[in-house]
Amino acid sequence: MLYLYKIQTKIVDICFYFSCLCMLYLTFFISADVIFRSFGVRLFSGTVELSEYALLAIGLLCAPWVYKRGSNLKVDILIANKSDNFKKYHAVLVDVVILFTCLFVFYYGAYSFFESIERDTYVYKMLVFPEWYINWIIPVSMLLVSTEALYRLYSFFKAES
Amino acid sequence: MEWYFILSGMFLGVVALLLSGIPVVFAFLIMNILGSFFIMGGEAGILQMVRNMQSSISNFSLVPIVLFVFMGEILLQSGVAKKAIDAIDKLLAKTPGRLSIVAIIGGTIFSSLSGSTMANTAILGKTLMPEMKKRGYSPSISMGPIMAVGGIAMLIPPSALAVLLGSMGKISINDLLIAAIVPAFIIAFMFFLYVFLKCVLNKDLAPAYDVESQPFAERIKPFLVYVAPLVLIFFVVVGSMVGGFATPTESASLGCIASLFMVLVYRRFTLEGFKNSLMETIIFSSMILFIICASSSFSKILGFSGTTQTLSALVVDLGLDNAYILICMLLVMLILGFFMDQVSIMMLTLPIFMPLINVIGVDPVWFGVMALIVLEVGLCTPPFGLLIFVMQGVVPTENIRNIYRAVIPYVLIEVAVIALIFFFPVVVSFVPDLIK
Amino acid sequence: EKTLTAAVPVPADSVWGKVFSRYVETVDNVSGGELKIRVIGPESLPAREQINSVRSGIIDILSTFPGAYRSAFPEANVQEISNISLDEQKENGSYDKLKAVINKRFDAEVLSTYALGVPFHIYLNKEIKTQSDLEGIRLRSSELSQALLRKVKAQQIDVPIPEVFTALERKMVDGYAFNILGIDDMGWEGMTHYRVDPGFYSTVFNIMLSNKSKSKMTDQELEYLREAAKVFEENIQIELKEMVSAEYKRQESIGIKSIDLGEAFPEMARQVYWDELTKKSDFAVELKALMNK
Ligand code: NA
Ligand code: NA
């Protein structure tokens, strides 16, 4: 289990670094595009679309990393004053909910991914490419979040027993 | 299913999940899975929801949000922001509640350098909170103004949310931003007045401590060195847009480059600092984008079920006076602000409100500015307030109730300013008129 | 009484949303109020996702333009560049070929096709004299006009729809290509001073009925939908013709000047796009033989 978790952590990190690259793309390439354009040079077509996919990557591929760090936004007004014991079991319950929610979205995300490969659908905007190039992001992100939740539950029950 | 049943079910469902302590993203996600299953048609509905998640977030209009956060983080992590705030601090010398006043003035200045309310609050929070705690400031004049003034970043250009509001509502972004400047300064001034008076009346709120007294010339020097040159960033962002050089989004990217340039000029550039600003931006952005991704289906499900349309038809049918309709709209946005992020609120309401605004013949810029302030209020209202979350990030040990309580007076001030604009539209219109 | 759900890729109160509402009215009339249609727009279902929803039966009816489903039907745009009438398309079998593809890939029946003959134009905020003046001019790029703009060597600038307003206001772009009836909705006309004539390509909307929904409907209800489609198709063609000529007059009255490049221009635009499509697909070659006169 620990070995698998190490692999998961590696993948989560890789996804995070990939998001960083996307962030750098947004900062430097959009600017470069503007500057070159003012000299009448069109560097790339599809800057707009690439930035949109970069957002998708930043938003979703980073989610497992954010969850790992435990920095998701939550409203804990009702939980803040409860006993530590309550908080402990509450956290387990939340992880169970997250596990099932993400597995659920993972299932349908993966379904959509395989469907787009099978149907051979393309994204036709300024750039043209197979749709699965971007459709993998949701299932991968969700799978990583759910494995994280699973590991937390595993650690909890191991510590309990 | 009746529309009011869907509306209340979806709303109360999300609120209940939020209050149960499930992270915001998953609260929305669960409700949207249920909503799409029951309203959009079973399994096919869920599959469609998952696909919609993808298209909701790959949206160019959201790019400035990320970039404006990065701009702020670059200034924050390099220490340039701290230098600037210290310079303002020095300039102010002996004022009652000095650090709070620094927060308000610094926050207003940073509003013109960062389009992100969250980065703005984070800058002020990370720079001033430790000192305020050390000096024994009470929450209402430490956390309160930091959160509240953070929101001014969305009124003064560059502003990610104003750009979004303008594009979605087809309001001239230029007019909107110019019109919002005066109200922004009024709000900042009211905050200032509130803190000042409170500190004069109750010395215990901000215990005084000795500051070295220096001649004015000594005090203004750091200001000229560390604050004034930052105006360049503002000029790059606004200038490239007004000059027809770049779109609003592209100007945000140029703003990041300008911020990096200033950091280099101040010789504060370190790889470590750059890495940190990148990381902080990614964490913020990912959280927000993930929420947008999960919550956008919420408005889509309401739209799909016909709930939003029925509601707006109902409003039109009532044949109310314009003023009442406007108040209702702002009230709806205000109430939504308790539970939702600003982007979701806009996605939910503007498609209904903007046609209505045009039909009843209300000046869209006037409405736009009031809507912006209402959205700004939503940033600070519990239980879901992005700036509250930022503050929570800055002071993780603080009881959340104290944070809620601290921000209330400032929320009331902002509501009062909305009322002022409502009764005296000239507050919004006179600067744009002056330019024309 | 039964209510069906229909989707359109544009806001319901925009011109193309209103045009579709004529079909909704027709269904209401033909069925004597027995069949109602509720219309949702992109705020409820993203434009590019609507085709998936009609396939899965989440929505019953969809009226959309070919660009919205090109992802699974790369030749879809042939309808927009064809220069033969709908009747001719029906006669020579090309229409049936297209319908068959839509039926197979999107599990939907094409009820009606409309807006043929409503052209696209290049709109500018500065004057040009000849086609060669388009070289280097900064135009907002769009999927449909991409090949044409490349051909005339315009500088294509990627501006997403919500930012076009500001881009025009700040003179970041010199113009854009858009269909004749749409610019009023977008609020761009205040910054538009010239229109390049004659128009090129053609707007196309196909009304599709999900096969999945059919199973939930009676034969009578299906008959209402098909009958209404026929009535609508005839009437709307006439209405749209009037709307287009009224729009030319309106644009003139608000000071948008016409720049005439001659008939060779739209012809060139069509051939450029045909070349692009036929390069990649044999089916496009087959359709070109039928649909290009
Ligand atoms: Na700002
Ligand atoms: Na709030």
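The values are calculated or read from the model by the stated rules, or taken from the named source; none is laboratory data. Owing to the predicted nature of the structure, the values given are computational and were not obtained by experimental measurement. All Cβ positions, glycine included, derive from the backbone under ideal geometry; neighbour counts span all protein chains shown. Side chains are part of the model used for accessible areas, which takes the heavy atoms of the whole protein and leaves out ligands, DNA and RNA. Shrake-Rupley method; radii C 1.70, N 1.55, O 1.52, S 1.80 Å.
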Legend entry - Elements of type helices (runs of 4 or more DSSP H) in segment C:1-120, at least 1 residues being in contact with a helix residue (DSSP H, G or I) (Cβ under 6 Å, 6 or more places away or on another chain) and farther than 28 Å from C:D219 by Cα: C:15-30, C:78-81, C:86-92
Legend entry - B:A44 in a helix (DSSP H, G or I) and either more than 14 Å from chain C (Cβ to nearest Cβ) or among the polar types (S, T, N, Q) (or both): no
Legend entry - Any hit, segment B:383-398, residues being more than 19 Å from B:A188 (Cα to Cα) and within 16 Å of ligand 1 (Cβ to nearest atom): yes
Inset, instruction - Using the structure shown, decide if A:K74 is surrounded by 13 or more Cβ atoms within 10 Å (Cβ to Cβ), basic (K, R), closer than 23 Å to A:L150 by Cβ and more than 8 Å from every other protein chain (Cβ to nearest Cβ). - result: no
Legend entry - Tally, over segment C:204-242, of residues that are basic (K, R) and more than 14 Å from C:V30 (Cα to Cα): 4
Inset, instruction - State whether the residues of segment B:296-305 include one that is within 16 Å of the chain's Cα centre (by Cα), under 30 Å from B:I400 (Cβ atoms) and either open to solvent by 20 Å² or more (accessible area, probe 1.4 Å) or within 16 Å of ligand 2 (Cβ to nearest atom) (or both). - result: no
Legend entry - Test result for C:S132, assigned to a strand (DSSP E or B) and away from every other protein chain (no Cβ under 13 Å): no
Inset, instruction - Just one of (1) surrounded by fewer than 22 Cβ atoms within 10 Å (Cβ to Cβ); (2) of a type in the set (A, V, I, L, M, F, W, C); (3) within 8 Å of chain B (Cβ to nearest Cβ) trips up A:V48, so point out which. - result: (1)
Inset, instruction - Filter segment A:94-129 down to residues that are within 14 Å of chain C (Cβ to nearest Cβ), among the hydrophobic types (A, V, I, L, M, F, W, C) and farther than 30 Å from C:I157 by Cα, then give me how many there are. - result: 2
Inset, instruction - Grab the helices (runs of 4 or more DSSP H) fully contained in segment B:238-356, keeping just those with 2 or more residues being over 29 Å from A:Y25 (Cβ atoms). - result: B:271-304, B:307-317, B:322-339
Inset, instruction - Pick out, from segment C:145-201, the strands (runs of 3 or more DSSP E) lying fully within it that include 3 or more residues that are surrounded by 19 or more Cβ atoms within 10 Å (Cβ to Cβ). - result: C:175-179, C:194-200
Legend entry - Unique residue being at positive phi, crowded, with 24+ Cβ neighbours inside 10 Å and either at pLDDT 90 or above or away from chain C (no Cβ under 14 Å) (or both) when the list is B:G72, B:G97, B:G79: B:G97
Inset, instruction - Please state which one of B:I220, B:I156, B:I171, B:I187 is farther than 30 Å from C:V164 by Cβ and open to solvent by less than 20 Å² (accessible area, probe 1.4 Å). - result: B:I187
Inset, instruction - Return the total of residues in segment A:77-94 being crowded, with 17+ Cβ neighbours inside 10 Å and modelled with pLDDT of 90 or more. - result: 2
Legend entry - A:A159 vs. criteria touching a helix residue (DSSP H, G or I) at 6+ places or on another chain (Cβ under 8 Å), hydrophobic (A, V, I, L, M, F, W, C) and either assigned to a helix (DSSP H, G or I) or under 23 Å from A:I7 (Cα atoms) (or both): no
Inset, instruction - Could you list, in sequence order, all residues of segment B:377-406 that are β-branched (V, I, T), in contact (Cβ under 8 Å) with a residue 40 or more places away in the chain and over 18 Å from B:L18 (Cβ atoms)? - result: B:V377, B:V394, B:V395
Legend entry - All positions within segment C:166-176 that are more than 7 Å from every other protein chain (Cβ to nearest Cβ) and within 20 Å of B:V238 (Cβ to Cβ): C:L168, C:V173
Legend entry - Filter result for the condition that a residue is out of contact with any Pro (no Cβ under 6 Å at 6 or more places or on another chain), touching a residue at least 24 places away in the same chain (Cβ under 8 Å) and within 14 Å of chain C (Cβ to nearest Cβ), over B:S114, B:S36: B:S36
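Every residue, every condition in (1) surrounded by fewer than 24 Cβ atoms within 10 Å (Cβ to Cβ); (2) modelled with pLDDT under 80; (3) within 15 Å of ligand 2 (Cβ to nearest atom); (4) within 14 Å of chain A (Cβ to nearest Cβ), yes or no:
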residue: B:W366; (1), (2), (3), (4): yes, no, no, no
residue: B:F384; (1), (2), (3), (4): no, yes, yes, yes
residue: B:L387; (1), (2), (3), (4): no, no, yes, yes
residue: B:V390; (1), (2), (3), (4): no, no, yes, yes
residue: B:N402; (1), (2), (3), (4): yes, no, no, yes
Inset, instruction - Considering only segment C:2-61, state which residues are among the small types (G, A, S) and away from every other protein chain (no Cβ under 14 Å). - result: C:S31, C:G32, C:G33
Inset, instruction - Go through segment C:88-128 and give me each residue that's modelled with pLDDT of 95 or more, under 18 Å from the mean Cα position of the chain (by Cα) and open to solvent by 50 Å² or more (accessible area, probe 1.4 Å). - result: C:K99
Inset, instruction - Could you run through segment C:139-164 and say how many residues are within 22 Å of C:G255 (Cβ to Cβ) and within 11 Å of another protein chain (Cβ to nearest Cβ)? - result: 2
Inset, instruction - Could you identify the single residue in B:V236, B:V242, B:V231, B:V265 that is open to solvent by 10 Å² or more (accessible area, probe 1.4 Å), β-branched (V, I, T) and within 9 Å of another protein chain (Cβ to nearest Cβ)? - result: B:V242
Inset, instruction - State the number of residues belonging to segment C:9-23 that are within 22 Å of C:N52 (Cβ to Cβ) and of a type in the set (A, V, I, L, M, F, W, C). - result: 4
Inset, instruction - Could you tell me whether B:E414 is more than 16 Å from ligand 2 (Cβ to nearest atom) and either of a type outside the set (A, V, I, L, M, F, W, C) or more than 21 Å from B:I325 (Cβ to Cβ) (or both)? - result: no
Legend entry - Residue among B:F234, B:F245, B:F261, B:F269 that alone is of a type outside the set (D, E) and farther than 30 Å from B:K126 by Cα: B:F245
Inset, instruction - Sort out which residues of segment B:417-430 are more than 16 Å from ligand 2 (Cβ to nearest atom) and in a helix (DSSP H, G or I), and write them in order of number. - result: B:V417, B:A419, B:L420, B:I421, B:F422, B:F423, B:V426, B:V427, B:V428, B:S429, B:F430
Legend entry - Residue list for segment B:109-148, filter: outside any loop (DSSP other than H, G, I, E, B), within 16 Å of ligand 1 (Cβ to nearest atom) and surrounded by fewer than 24 Cβ atoms within 10 Å (Cβ to Cβ): B:I109
Inset, instruction - Assess whether B:L278 counts as being touching a residue at least 24 places away in the same chain (Cβ under 8 Å), among the hydrophobic types (A, V, I, L, M, F, W, C) and outside the structural domain of B:S78 (by TED's automatic domain parsing). - result: yes
